[in-house]
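First up is the structure itself, then whatever we jot down about it.
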Amino acid sequence: MADRELDVFAQSPPDWAVLPAAEVIKGVVEPETGMRTWRRRPNNPPVVRVADRYLTGVLDLRAIEFPYVLEFVRCRFENAPDLRQSKLAGAEFHGCYMPGLEARNLRCDNDIVILETTVDGAPIDLTDAAIEGSLTLEHSTLNNPGGRALYGNRLTISGALLASGLTARGELRLPSLRVGGNLTLRGADLVNPNGLTITLNAANVDGNLICGQILDAPEPKPFTSTGLMFFSNAQVSGAFVLRGAMLRPKTEDADPPPNDDPYYDIRATVVADRVQVRGNVLFDLGLHSTGTIRMVNGQIGGSLRLAGAEFDMSEGPGTRLRALNIDGASIDGDLNARQLTAHGQLRMVGVTVHGHANFDLANVDNPGADVLEARHLVVRGNLECQALRVRGTVSLQGADIAVKFDLRGAHISEPGHHSRDGRPKPLLDMRAARVGRDLMLGSSLDPCVIEGGLRIDRCTVGGTANLDGVLVGAECTEDRIALDATAFTAQQLLLTLGAPPRGAVRLRHARCTSLEDNEHLFDAQGGVDLEDFRFEAFTDPVHVVDDEAIDQRLEWLARSGEYRPGPYDQLASVLRASGNDEHAATVLFTKQRRRYVALASGYQRLKFLPLIWSWLQRVLLGYGYRPMRALAWLIGLFAAGCLWFSLAGPLHEVNSDDHLSWNPVLYTLDLLVPIVDFGNKGRWYVDGISQAFAEILTASGWILATTVAAALTRMLRRSN
């Protein structure tokens, strides 16, 4: 602008001197006869400046072309200036008071500046206006309670919208706004407790949308909003900033919720459904919201930062509602919620994070309900939740975490309940989830504590599932499940729990390559279901001379619950695969002994029959897994037979024409060895007790010799 100014008055009059508004432009130029179009004379300065005046009447520039910059300093207007359909070079109101400003369809070649000005009782109406410069509302007060403080439907601003320090009592209504630069509301105070504080639906901001703090003031002034901020379908080319903001929802009964919408957020402070932000979304560093921040199906080109924010839904009607609702959002960068504090539900169903997600040191609670509803969450990097403090159920059903899920040091308590029957939900529900590398729940220094159920059934872990030192389960009830890992899959599984689970453990159909466990797992209050649990090896293999380790493991299996043959077969298979056949035989021997005990428990009066049969097999054959017992019995029977027939012989010859030498040793061998014939058994005749003893030797020989032969065959096959 030109350096020269035109003061309409030759001398400075007293403060608040009365001036008819029409006199402001009188004498600058004369209107052409019958026309409402103004032309600036070549010798007139481009600025019309009015200072310290009370302007009566109406400043009427409607539908005219006014090639001057209007500048009002410390002026008071009796009526709202009328700039509708006009075309101005520029306008500035500095330290003024106006009862509104009518500027629909305004065209301005430069800035519109409303600085430290009070607009009371009516809105600033900039509907369909076009400003080639910037619109400045800094440190002004727009006062129209219950109505619209700023009305700017389809307003177009080539520059920026600067409203730092703005105080607005009423709605800033700016749907379909177009701003070429930043939209700045640093330190603004927006109050409309019965409705919306700012409406920017379908707006397009080519710069940053900043609703943060004023940091260069003597005392940092936060952005505050009392009411609903509405940003649905807005597009922001830069960052969306609510850093350090203080947000309060509108009055509860101002807008009753629809009865047919279960996802309606009755206490919302921010609604930004389908918003598109190409930069970062910064809702962090001291942001405090007592209502829901909602960004359903939002598209974020950068990161979503919630670090250090506080969402508090603990007070007032409708407590424990959703504190954050970003269902279906897509985040191209990271999700940083480190040290977040939330009293209410964090709802993140179907969210996709292309970077990392971090909830380290966060404190979230929604006791007795779902606190983190993140079903089908997709994280392309790590999901970090170290030292997380949670009261309520964490739901990660069907989640897909590409790298690592780290919950070391987390503490989760007070689960939600099923609405249909009131039963408690698991505290951490990861059914059908996928973790690309490691699931880290345990640590020797700082393990996770889950005061309720842990559900990881049908979960797939590509690397290590670490539950070292984890405490899981609540006080055991009849159907309480502390750990449900049905059909769970991992490469390495560490089940070295910190204490016996307070509830049942299910490992049915689970699979892992390497297993490490401890006695706490088998001391679960509700027992351990190991049916069809398969693993290939122990992390620390059992040494062939470590009989104590096998005895200990067999004792654990006996304590785990009712007899099941599968766990014994699996243990024997693992031992045999590592070349430890002796210990494998011990396991199978114990399996058969416990099998007959379990069978006997099913009988009533005849329970002694399977027990006697079990005792005979155990003593004579070791259930077929102690072949040396059969050999010992053969040797004992051979010695007894030799002694018996030495005392009872010589026997009678079958054929009296034969003259044979009596040999009790060869005769006993002929009776005991069923295949080899030494030529004595058919040539001697026995009767009485000797005949009965001979039949016993023959029958025992068939049983014991075939058992020894089978054992030798297995040994030869292994050596080959």
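The values are calculated or read from the model by the stated rules, or taken from the named source; none is laboratory data. Everything quoted here is computed from the prediction, not taken from an experiment. So basically every Cβ, Gly included, is an ideal-geometry build from the backbone, and we count neighbours across all protein chains shown. With ligands, DNA and RNA removed, areas are computed over all heavy atoms of the protein, side chains included. Shrake-Rupley method; radii C 1.70, N 1.55, O 1.52, S 1.80 Å.
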Checklist entry - Hey, among the residues in region 551-571 that are surrounded by fewer than 16 Cβ atoms within 10 Å (Cβ to Cβ) and of a type in the set (Gly, Ala, Ser), which one's nearest to residue 487 (Cα to Cα)? => result 566
Next on the checklist: Against the condition among the polar types (S, T, N, Q) and on the phi > 0 side of the Ramachandran plot, how does residue 153 come out, does it pass?
Outcome noted: no
Next on the checklist: Every residue in region 347-397 that is outside any loop (DSSP other than H, G, I, E, B), closer than 16 Å to residue 321 by Cβ, touching a Lys or Arg at 6+ places or on another chain (Cβ under 7 Å) and open to solvent by less than 30 Å² (accessible area, probe 1.4 Å), please.
Outcome noted: 347, 365, 366, 371, 373, 393
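Conditions (1) at pLDDT 95 or above; (2) hydrophobic (A, V, I, L, M, F, W, C); (3) open to solvent by 10 Å² or more (accessible area, probe 1.4 Å); (4) in contact with a Gly (Cβ under 9 Å, 6 or more places away or on another chain), marked per residue:
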residue	(1), (2), (3), (4)
159	yes, no, yes, yes
174	yes, yes, no, yes
180	yes, no, yes, yes
199	yes, no, no, no
216	no, no, yes, no
Item to check | Some residue of region 167-175 being touching a residue at least 60 places away in the same chain (Cβ under 8 Å) and either farther than 19 Å from residue 102 by Cβ or in contact with a Pro (Cβ under 8 Å, 6 or more places away or on another chain) (or both) | outcome: no
Checklist entry - Does residue 281 satisfy the condition of being in contact with a strand residue (DSSP E or B) (Cβ under 8 Å, 6 or more places away or on another chain), under 19 Å from residue 379 (Cα atoms) and at pLDDT 90 or above? => result yes
Next on the checklist: If residue 450 satisfies all but one of (1) β-branched (Val, Ile, Thr); (2) in contact with a Phe, Trp or Tyr (Cβ under 8 Å, 6 or more places away or on another chain); (3) under 17 Å from residue 526 (Cα atoms), what's the number of the condition it fails?
Outcome noted: (2)
Checklist outcome for this item: Scanning region 442-451 residue by residue, the ones that are more than 11 Å from residue 386 (Cβ to Cβ) and either of a type outside the set (Val, Ile, Thr) or open to solvent by 10 Å² or more (accessible area, probe 1.4 Å) (or both) total 6
Checklist entry - Does residue 519 qualify as being free of Cβ contacts under 8 Å to residues at least 60 places away in the same chain and under 21 Å from residue 506 (Cα atoms)? => result yes
Checklist entry - In region 412-423, what residues are surrounded by fewer than 18 Cβ atoms within 10 Å (Cβ to Cβ) and either of a type outside the set (Gly, Ala, Ser) or not in a loop (DSSP other than H, G, I, E, B) (or both)? => result 413, 417, 418, 420, 421, 423
Item to check | Residues that are in contact with an Asp or Glu (Cβ under 7 Å, 6 or more places away or on another chain), assigned to a strand (DSSP E or B) and open to solvent by 10 Å² or more (accessible area, probe 1.4 Å), drawn from region 74-93 | outcome: 82, 87, 89, 92
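For (1) modelled with pLDDT of 95 or more; (2) open to solvent by 80 Å² or more (accessible area, probe 1.4 Å), each residue gets a yes or a no:
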position	(1), (2)
503	no, no
515	yes, no
526	no, no
539	no, no
545	no, yes
549	no, no
Checklist entry - Regarding residue 452, is this residue within 20 Å of residue 368 (Cα to Cα) and modelled with pLDDT under 95? => result yes
Item to check | Residue under evaluation residue 321, criteria (1) at pLDDT 95 or above; (2) buried (at least 19 other Cβ atoms within 10 Å of the Cβ); (3) more than 30 Å from residue 446 (Cα to Cα), criterion not met | outcome: (1)
Item to check | Filter result (within 22 Å of residue 577 (Cβ to Cβ) and of a type outside the set (Phe, Trp, Tyr)) within region 484-495 | outcome: 489, 490, 491, 492, 493, 494, 495
Checklist entry - What is the residue count in region 592-623 for residues that are under 20 Å from residue 582 (Cβ atoms), open to solvent by 40 Å² or more (accessible area, probe 1.4 Å) and at pLDDT 75 or above? => result 2
Item to check | Condition met for residue 122 (aliphatic (A, V, I, L, M) and without any contact (Cβ under 8 Å) to a residue 40 or more places away in the chain) | outcome: no
Item to check | Selection count, region 182-197, where residues are under 26 Å from residue 121 (Cβ atoms), open to solvent by 20 Å² or more (accessible area, probe 1.4 Å) and over 33 Å from the mean Cα position of the chain (by Cα) | outcome: 4
Checklist entry - Taking region 102-148, which residues are assigned to a loop (DSSP other than H, G, I, E, B), open to solvent by 20 Å² or more (accessible area, probe 1.4 Å) and not small (Gly, Ala, Ser)? => result 104, 105, 109, 110, 111, 116, 123, 128, 132, 138, 139
Item to check | Set 69, 50: member being within 19 Å of residue 136 (Cβ to Cβ), at pLDDT 90 or above and touching a Phe, Trp or Tyr at 6+ places or on another chain (Cβ under 6 Å) | outcome: 50
Next on the checklist: Restricting to region 189-225, name every residue that is β-branched (Val, Ile, Thr) and either farther than 24 Å from residue 175 by Cα or free of Cβ contacts under 8 Å to residues at least 24 places away in the same chain (or both).
Outcome noted: 214
Checklist entry - Where in region 458-576 are there strands (runs of 3 or more DSSP E), lying fully within it, with 2 or more residues that are polar (S, T, N, Q)? => result 464-466, 489-495, 511-517
Next on the checklist: Condition first: in a loop (DSSP other than H, G, I, E, B), closer than 14 Å to residue 245 by Cβ and either of a type in the set (Gly, Ala, Ser) or in contact with a Ser or Thr (Cβ under 7 Å, 6 or more places away or on another chain) (or both). Now tell me which residues in region 186-211 satisfy that.
Outcome noted: 186, 187, 188
Checklist outcome for this item: The condition from (1) at pLDDT 95 or above; (2) farther than 19 Å from residue 116 by Cβ; (3) surrounded by fewer than 24 Cβ atoms within 10 Å (Cβ to Cβ) that residue 169 misses is numbered (2)
Next on the checklist: Tell me whether region 675-682 contains one or more residues that are at pLDDT 65 or above and either more than 15 Å from residue 633 (Cα to Cα) or out of contact with any strand residue (DSSP E or B) (no Cβ under 6 Å at 6 or more places or on another chain) (or both).
Outcome noted: no
Checklist outcome for this item: Cβ pairs under 7 Å, 6+ apart or interchain, first in region 272-286 and in a strand (DSSP E or B), second small (Gly, Ala, Ser), ordered by first then second residue, are 277/301; 282/239
Checklist entry - Do we have residue 574 as buried (at least 18 other Cβ atoms within 10 Å of the Cβ) and within 25 Å of residue 432 (Cα to Cα) here? => result no
